[in-house]
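The values are calculated or read from the model by the stated rules, or taken from the named source; none is laboratory data. Because the structure is a prediction, the values reported are computed rather than measured. Here Cβ is always computed from backbone atoms with ideal geometry, including for glycine, and neighbour counts include all displayed protein chains. The accessibility values were calculated without ligands, DNA or RNA, using every heavy atom of the protein model including side chains. Shrake-Rupley method; radii C 1.70, N 1.55, O 1.52, S 1.80 Å.
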Amino acid sequence: MRKMISALGLSSALIFTLAVHAAAPANFAGTWTLDKSKSQGLNQRLQGADSVTWTIGQDDKAITIEEKVTGGQMGGGAGAGAPPAGGPPAGGPPPGGGGGGGGGRGGMMGGMGGPRSFNLDGNEATTDTGRGKVARKASWSGNTLELVTKSAFQGQDGAEIVSTITEKFSLSTDGKTLTVTRKVEGPRPSDATYVFTK
């Protein structure tokens, strides 16, 4: 009887341990390079770039994404009117309120306003840029992380411009491929799928 109880106790402990590990959220930390051949819906800025990398930092409290675009052309159609990943539409303030040349094309390289940061405790983080507000919120659905960025600011004509960008992050089974689906709702709606590799 004691052996049976002991065996049941060990089995319960093992099941609990496995459940805890299975429930651990995915970790997207690392430096990721965009695979343009597998991605879809890329804007001209990303299509024309020599390389696009995302450097992601993640711990229990937050996730931070920094985009770096190298090469390609800055003027004309190369990204004109296209927001950087997670940023407001062109012509608006940078998401962090700093750097980036006021959100014009000259500030797109390297990601406008520096890294984007999201709380992983479910709380929304709001930044006042001086010309408007940017709210960021993260939520988990299994091992898929959803990042929502809402921007509201005044356009050149004084009218309020609202944009919502929803990104869903998922990892391949071997952890070597990151897929990000991105939906933009607002003045310049778009859908894209980014495929990154380590």
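Look at the range 170-197: where a residue is part of a loop (DSSP other than H, G, I, E, B) and a partner is open to solvent by less than 40 Å² (accessible area, probe 1.4 Å), sitting 6+ places away or on another chain with Cβ atoms under 7 Å, you get GLY186/PRO89; GLY186/SER163; GLY186/THR164; PRO187/PRO89; PRO187/SER163; ARG188/GLY81; ARG188/PRO89.
Cβ-Cβ distances below 6 Å connect the following pairs, each with a first residue in the range 48-70 that is farther than 17 Å from LYS176 by Cα, a second residue that is of a type in the set (Asp, Glu), and a separation of six or more residues or different chains: THR70/ASP50.
Looking across the range 111-161, the residues that are farther than 21 Å from LYS68 by Cα and aromatic (Phe, Trp, Tyr) come down to TRP140, PHE153.
Within the range 28-42, residues that are under 14 Å from GLU167 (Cβ atoms) and among the hydroxyl-bearing types (Ser, Thr, Tyr) sit with their Cβ atoms under 7 Å from residues that are at pLDDT 95 or above and buried (at least 16 other Cβ atoms within 10 Å of the Cβ), at 6+ positions apart or across chains, in these pairs: SER39/TYR194; SER39/VAL195.
Does THR149 satisfy the criteria of being more than 18 Å from ARG116 (Cβ to Cβ) and open to solvent by less than 60 Å² (accessible area, probe 1.4 Å)? Write out each step before concluding.
On the way: more than 18 Å from ARG116 (Cβ to Cβ): no; open to solvent by less than 60 Å² (accessible area, probe 1.4 Å): yes.
The answer is no for THR149.
Of everything in the range 172-192 that is more than 17 Å from THR53 (Cβ to Cβ) and within 13 Å of the chain's Cα centre (by Cα), the residue that is surrounded by the most Cβ atoms within 10 Å (Cβ to Cβ) is VAL184.
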